[in-house]
Every structure is written in C-alpha cells, then in structure tokens.
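Only the coordinates and a few stated rules stand behind these numbers; no lab work does. Remember, it's a predicted structure, so these values are computed and weren't measured experimentally. With ideal geometry, Cβ positions are generated from the backbone for all residues, glycine too; neighbour counts draw on all protein chains shown.
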Amino acid sequence: MDGDSSTTDASQLGITGEYMAGSHFVLAQAPEDEGDEGLDDHEDGNGSKDNLREQDIYLPIANVARIMKNAIPQTGKIAKDAKECVQECVSEFISFITSEASERCHQEKRKTINGEDILFAMSTLGFDMYVEPLKLYLQKFREAMKGEKGINTVTVTEGMGEELTDETFTNPLPAGIITADGQQQNVMVYTTSYQQIPGVQQLQFS
Amino acid sequence: MSAKNMEKVEQATNRKNISLPMSRVRLIMKSSPDVSCINQDALFLTTKATELFVQHLALSSYKNGSGKETNTLSYSDLANAAEESETFQFLTDILPKKILAREYLKSLEEMEKDADNL
C-alpha cells in the first residue's frame, strides 16, 4: 500500500468518495468520514528519511491548527480538511521561499543560505509585508540567544519589581530602540545578571 | 528553586517566541534541491515567516469566505483565496477546487453525448 501517497484510488483512501476536483481527480474525503490519518503523522519515526519525499514532510498539525485558531475571530471554527490543507500549504510555502533564496545564493556563488537571502526571497515573491516585522523578531531572537549563553542565569523571583511577562515580547517595540543595522541597544535592564539577595522584598527597576 | 520560579525561568528562556518546530522546518528546507547549508538566522526567519503565513492565509480565507451563517473556515475558502489573491497564487496547484463527484460524472456524460452527436 506504500509508495504513492497521492493515490487516486478510492478504495485505498477508504472513502465513500463524494468529492472530486475539476480536472485533477483529487479525491477528497466526504465531511462525515473519519478520514485518512496517514499524511500528518510524521512526528516521530523519521528513521527512514529516504522514504519521505518532499511533499510528505509537514509541520505538526496541532501547531498549525493552533496558529490558525488564534488568527481568526474567537467564535470561528476550522474544518478538519482545512487544517490538513494549510499544513500542506505551509510545506509548499517553505519550499517556495527556500528555492528562491537558494537560487540567489548560487548566483552569488555562496553555499550557505543566510537571513538576507530569506528576506530578499520574501520580498521578491510578494511577501514583503512580512519583512519588517521579521527583522524585529530576529532582533528579539538574537537577544534571547545571547541572554541564554554567557550571562548568569536570570533568577526571576517574586521579589523582583518587574515581571518578565510574555507581553514584553509580543508587543512591537518602539522604533527608536531597535536599530536595523545590527546595533544592539540593551535597554532591557533585567537581562543583566542578578543575584538573589535573601531578605530583599522589593526591587525597583527604572 | 520553587516550582513557580522554575516555571518563570522557563518562560523567560522561552522568549524565542516561536510556536513551530525549527528542526522540522529545516527538514523541509533541506528537501529542496541544491540546498546545502542554512544558517541560524535564515532558519529562524523562515520559521517565523511560516507562522505569519499561516495567520495570513487563515484570516484572509476566513474573511473572504462563505460569510453566511457558517463561521467555519472550510477547504473551499482556502481554494478561493488561492485563486483570487495574487499573494497566494502559488498554492493553486495544491488547492484545486473541488466539485461533487456526481456533478463531474454528469458533465462527463454530457461531454460524451456531445462527442456522439458530432
């Protein structure tokens, strides 16, 4: 039964075959069916990578579904086949961006795809609205990576005046603080090392 | 450290702010032909961009969708978005519009009839 996952054989897909695509013979599952689970379970058992073709590698559906759910209004729902479909679209998107970036790399005789290549590819392919936000996210990511490496562990206790909430990192930062040219203005005071001093209840950070 | 503090430290170190597995993204990237090395920034940017893409696609399709009593995002909403939006055009091959089998068979029959009538 293995081999061709894009089978059009209804009996292999185990469906009562209600739907077909116009010219492509894509048999999809009728809504009331349990559906074929095969496609999205590649979480573990990646042992035989050679058997996985490009179109078989997907991101975990739970993660994808969660992002979708958070994007649409709270009262909205998502059909199961829509989730699976976005899962496939995602792999397609990644390949789309990657091959464009890779091509540029080759043209410039480089072997490693870097951040610039990715951003450039996005611009070229019509996703330039992502570029600016992505630069900001990259800054935050770099800060986070730096913070993890050398400096003593940040011990966040109830005694600290300022809590490290998620909000600190999801809200867009004021334009003045982050510079796109790579200079890091460390305004986040609380990432410097801090030793827990017993008996100190409240500490204020300006 | 108390359990609560452990949790806070974990939150603090989890500030990379992504919800998709980068290792899996790397796998997909490497399955593209001629891709040798991907640096850390590129991997992060791709992963984050993918999140933005999912949000973008989901929300566009939903808003553009049937909009009637059903507040459910369906496959056809996605297929429509792919067709109508320039940004999502690259998805049209993997998002073919679906028709009911019986409608297709009917149109097949009609095509055959036309062929016979020639």
| Taking the Cα atoms of the stretch A:51-144 alone, what are Rg (to one decimal) and Dmax (as a whole number) in Å? | 15.8, 50
| request: Report, as an integer, the average count of C-beta atoms from other chains found within 10 Å of each Cβ along A:79-89. | output: 6
| field | Summed residue charge, Cβ within 11 Å of A:Lys69's Cβ, Lys/Arg positive, Asp/Glu negative | value | +3
| Which distance in nm do the two modelled labels at B:Lys63 and B:Ser107 give, with both placed 7 Å along the Cα-to-Cβ direction? | 3.0
| Cross-link list A:Lys69/A:Lys146; A:Lys80/B:Lys113; A:Lys83/A:Lys140; A:Lys109/B:Lys30; A:Lys135/B:Lys30: which exceed 27 angstrom alpha carbon to alpha carbon? | A:Lys69/A:Lys146; A:Lys80/B:Lys113; A:Lys83/A:Lys140
| Can you tell me the Rg and Dmax of the stretch B:6-117, counting just the alpha carbons, in angstroms? | 21.3, 79
